[in-house]
1. Look at the stretch 257-303 and say how many of its residues are in a loop (DSSP other than H, G, I, E, B), at negative phi and open to solvent by 40 Å² or more (accessible area, probe 1.4 Å).
2. Within the stretch 313-340, take every residue that is open to solvent by 70 Å² or more (accessible area, probe 1.4 Å) and under 26 Å from the mean Cα position of the chain (by Cα) and give me the one that is farthest from residue 270 (Cα to Cα).
3. Mind listing whichever residues of the stretch 392-401 are open to solvent by 60 Å² or more (accessible area, probe 1.4 Å) and touching a residue at least 40 places away in the same chain (Cβ under 8 Å)?
4. Are there any pairs, at least 6 apart or on different chains, whose C-beta atoms fall under 6 Å, with the first in the stretch 137-161 and of a type in the set (Ser, Thr, Tyr) and the second surrounded by 14 or more Cβ atoms within 10 Å (Cβ to Cβ) and part of a strand (DSSP E or B), and if so, which?
5. If residue 115 meets every condition in (1) open to solvent by 60 Å² or more (accessible area, probe 1.4 Å); (2) in a strand (DSSP E or B); (3) over 30 Å from residue 450 (Cβ atoms) apart from one, which number is that one?
6. Taking residue 389 as the residue in question, decide whether it is open to solvent by 10 Å² or more (accessible area, probe 1.4 Å), assigned to a loop (DSSP other than H, G, I, E, B) and at pLDDT below 95.
7. For the stretch 42-55, give me each residue that is open to solvent by 40 Å² or more (accessible area, probe 1.4 Å), part of a loop (DSSP other than H, G, I, E, B) and either in contact with a Phe, Trp or Tyr (Cβ under 8 Å, 6 or more places away or on another chain) or hydrophobic (A, V, I, L, M, F, W, C) (or both).
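The values are calculated or read from the model by the stated rules, or taken from the named source; none is laboratory data. Source: prediction; values computed, not measured. Glycine gets a Cβ as well: all are built from the backbone with ideal geometry, and neighbour counts include every protein chain shown. In case anyone asks, the SASA skips ligands and DNA or RNA and just uses the protein heavy atoms, side chains included. Shrake-Rupley method; radii C 1.70, N 1.55, O 1.52, S 1.80 Å.
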Amino acid sequence: MKKLIKIVWIVQIMLPIAVSAQFKLMRFDENYAAYRDSTKTFYNSLKYIPLSENNNGKYLSLGGEARAEFVEFNNEDWGRLGIGSNPFFIQRYTVHGDLHLGSRVRVFGQLRSAWENGRKNGPRPIDEDHLNVQNLFLDVDVVKNEKEKLTVRAGRQELDYGSGRLISVREGPNLRLYFDGFKLMYQRGNFKSDAFVMMASEINTGAFDNKISKSVSLWGSYNTLILPKSGNLEWYYLGIHRKESRFEDGVGDETRHTLGGRFWKYGGGFIYNFEMAYQFGNFNKGTISAWTASADIGYMFENVKGKPTINLRNDYISGDKNKGDGKLGTFNPLYPKGGYFGFNPQIGPVNLIDIHPYATIDLSNTITVQADVVFNWRYSLQDGVYRPSGSLNLASMNSKKRYIGTAFLGSFNYKINKFFTFNTGIQYFKTGAFVDDIIENDKDGLFINSRIVFKF
């Protein structure tokens, strides 16, 4: 701990507080062109490195991240595997370069390294990848004027859309998600539209040993329209193809199409987030018909100290009602955000009904706390419980019990300065009638994590 404090102190000296750090979830969305005329501090010299003497838009920007996290997971498997207490340590490092070759062409590259130590049952697929290319793409602005912009992006890239329910970069787990492919990005006024064709990768834990898929696995279009004073309207089509997808109904090839929409508004006063999606396609020799609907309504008291918010969310996510009937009713969350339904890696957005009240408050300009309670039921008694990734966790085993359990969560987020953040969270999961019925001598779960992140 003393060593960590010393590192933070040194960095604060080297990176003055006057610097305007503008870190984003997707690091390639950051723009440091304005640093061209800024004071030449050590930090600014990294964010804007001119490549010509006449300031013609040719420059290189460097950045990176170091993240360390301690996790204690007690009864991760609800006692099924007898693991009990399972503390482990995970870490992630990235470095990137953003090369601008004028006003219309750029190349963005990023390396990542992720490690896991101490987990009794070894690293999960989301934990470890010793060295790999996370992003490496070329952007060309084929149209760029005051009214509109059309950009072609080709190469390895991260994707993140909407609330992260279906397509997320997956910031919570140690390994962020990426794809290889092409994307068109169009913007005119308040309207934005992306169209993409992508291939996923098979992740291995060594250095540069991940394998690119030989076929297209994700394609679609995501569109956003900002409605002044009303909110934001989004609509999308997403297609996936996977081999050997596993549901309680069976294992087989899956081609699935998703049509959906979202209407949302965050900020002072009323907060709302409504989303619906319908899925169709083919699984094995049968068809797919699945759906989800979500409502999140809240209020921010912007004139009250700490700007507290209170919210209530309710999700309905379909499961399969009749096994073996040739129609799969299980919803597929595609590439979802890992922590959308709490910290628990055992329950995800498949065959689920949940009621989720939560509240947040800013204790200061740098500290935010949040408290949640999540009540979880199976939507269909003929289908099981799935993980956040969409993989099957517990089969139904003909149980007639619907209630999965209750999660109690608390989180604490501290922005130490412009470059360091610290957060910690705790979740206690009280098993319900379904888990009690399926697992003999099951146990409640306890999850605790603490994470510190440095970005530059």
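1. Taking the stretch 257-303 as the starting set, the residues that turn out to be in a loop (DSSP other than H, G, I, E, B) are 266-268, 284-285, 301-303.
If we keep only those that are at negative phi too, we end up with 266, 268, 285, 301-303.
From what is left, the residues that are open to solvent by 40 Å² or more (accessible area, probe 1.4 Å) are 266, 285, 301-303.
Number of matching residues: 5.
2. The residue in question is 337.
3. So the first thing to find is which residues in the stretch 392-401 are open to solvent by 60 Å² or more (accessible area, probe 1.4 Å), and the list is 397-398, 400-401.
Passing the criteria: only 397.
4. Within 6 Å, the pairs are 151/139; 151/141; 151/185; 161/167; 161/222.
5. Condition not satisfied by residue 115: (3).
6. Values: open to solvent by 10 Å² or more (accessible area, probe 1.4 Å): yes; assigned to a loop (DSSP other than H, G, I, E, B): yes; at pLDDT below 95: yes.
Yes, satisfied.
7. Step one: list which residues in the stretch 42-55 are open to solvent by 40 Å² or more (accessible area, probe 1.4 Å), which gives 42, 45-46, 49-51, 53-55.
From what's left, part of a loop (DSSP other than H, G, I, E, B): 51, 53-55.
Once the filter is applied, which keeps residues that are open to solvent by 40 Å² or more (accessible area, probe 1.4 Å), part of a loop (DSSP other than H, G, I, E, B) and either in contact with a Phe, Trp or Tyr (Cβ under 8 Å, 6 or more places away or on another chain) or hydrophobic (A, V, I, L, M, F, W, C) (or both), the stretch 42-55 yields only 51.
So that you can scan it fast, the table gives a plain yes or no per residue for (1) open to solvent by 40 Å² or more (accessible area, probe 1.4 Å); (2) of a type in the set (Lys, Arg):
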{"site": "37", "(1), (2)": "yes, no"}
{"site": "40", "(1), (2)": "yes, yes"}
{"site": "58", "(1), (2)": "yes, yes"}
{"site": "69", "(1), (2)": "no, no"}
{"site": "79", "(1), (2)": "no, no"}
